[in-house]
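The values are calculated or read from the model by the stated rules, or taken from the named source; none is laboratory data. Model, not experiment: these values are computed from the prediction. We place every Cβ from the backbone using ideal geometry, glycine too, and count neighbours over all the protein chains shown. Quick note on the areas: whole protein, heavy atoms, side chains included, nothing else; ligands and nucleic acids left out. Shrake-Rupley method; radii C 1.70, N 1.55, O 1.52, S 1.80 Å.
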Amino acid sequence: MKAMIACLLLLLNINILPPPDNVVKRFAVPAGYHRIMASPGSFGAWLQALPLKPAGTSTKTYKGDIARTDIYTAAVIDMSVGNQDLQQCADAVMRLRGEYLYQQKKYSDISFNFTSGFKCDYEHYAKGYRYKNDHWVLKAKPDYSYQTFLNYMNLVFSYAGTISLQKELKAVSNSNDLKPGDVFIHGGSPGHCFIVLDVAENAVHQKQFLLAQSFMPAQNIQVLQYGSPWFTMDQHSGILYGELISKNYLKRF
């Protein structure tokens, strides 16, 4: 009888737990602005709903140390960083895009180019092919599990970066059309990029937006702040690589 009561209480406790926190719930838009909600099912809507770790959580590196970018942390996205120095800036953007497509079961759309130009698509990997010298070699049985997806993403992180990702993305011709999921990117060695998580607009169509990044060494994907978590276009702040927050570097999947 006691065991039954305990199970009932546990179930009741599960049912009353609040839904996961996300940027829409945590960050009120600036005064005079309204949030632009992305279309249901879109990449932007998925980003707006990403769960966040508890408020006050520090950004940590893959080794578990406090990241040097922690002073810019407004929030930390609740997503694994792995145990290798792989998931850095462009990798984090590709991870978010890959996770969205994987959860949507759009396996054929999961594909990223290596810096060499090799097209590394998830379906080849899931069907058992492995990368060798810019070719696929069949070495394993088909496996579409989440762990296989993570292994695939680690392969992408190893051979792709800001240079290759910048070439894959499409330029946004009108920065007034800024949307969640857009990317500010400048390819290079190392280069850098930010991804837009959320966008707010005022009556005269001026926009402010939330940004996320990873960095070197590999770290949690952090929602950024520099005084405020809300950024404006051409905001040349002292934040790491802040000069990228410009229409000149704006791209889209």
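Might you let me know whether segment 141-154 holds any residue that is open to solvent by 50 Å² or more (accessible area, probe 1.4 Å) and in contact with a strand residue (DSSP E or B) (Cβ under 6 Å, 6 or more places away or on another chain)? Looking for residues that are open to solvent by 50 Å² or more (accessible area, probe 1.4 Å) and in contact with a strand residue (DSSP E or B) (Cβ under 6 Å, 6 or more places away or on another chain), one finds none in segment 141-154, hence no. Taking the criterion of being under 27 Å from the mean Cα position of the chain (by Cα) and either within 17 Å of residue 105 (Cβ to Cβ) or surrounded by fewer than 15 Cβ atoms within 10 Å (Cβ to Cβ) (or both), the only residue of segment 131-140 that qualifies is 134. From 184, 215, grab the single residue that is modelled with pLDDT of 95 or more, part of a loop (DSSP other than H, G, I, E, B), open to solvent by less than 60 Å² (accessible area, probe 1.4 Å) and under 22 Å from residue 81 (Cβ atoms). After ruling out the rest, the residue left standing is 215. Please determine whether any residue of segment 127-136 is closer than 25 Å to residue 41 by Cβ, modelled with pLDDT of 95 or more and in contact with a Phe, Trp or Tyr (Cβ under 9 Å, 6 or more places away or on another chain). No, segment 127-136 contains no residue that is closer than 25 Å to residue 41 by Cβ, modelled with pLDDT of 95 or more and in contact with a Phe, Trp or Tyr (Cβ under 9 Å, 6 or more places away or on another chain). All conditions in (1) over 14 Å from residue 222 (Cβ atoms); (2) open to solvent by less than 50 Å² (accessible area, probe 1.4 Å); (3) out of contact with any His (no Cβ under 9 Å at 6 or more places or on another chain); (4) not small (Gly, Ala, Ser) hold for residue 118, with the sole exception of (3). Which ones in segment 78-112 are under 19 Å from residue 143 (Cα atoms), open to solvent by 40 Å² or more (accessible area, probe 1.4 Å) and assigned to a loop (DSSP other than H, G, I, E, B)? Scanning segment 78-112 gives 104, 105, 106.
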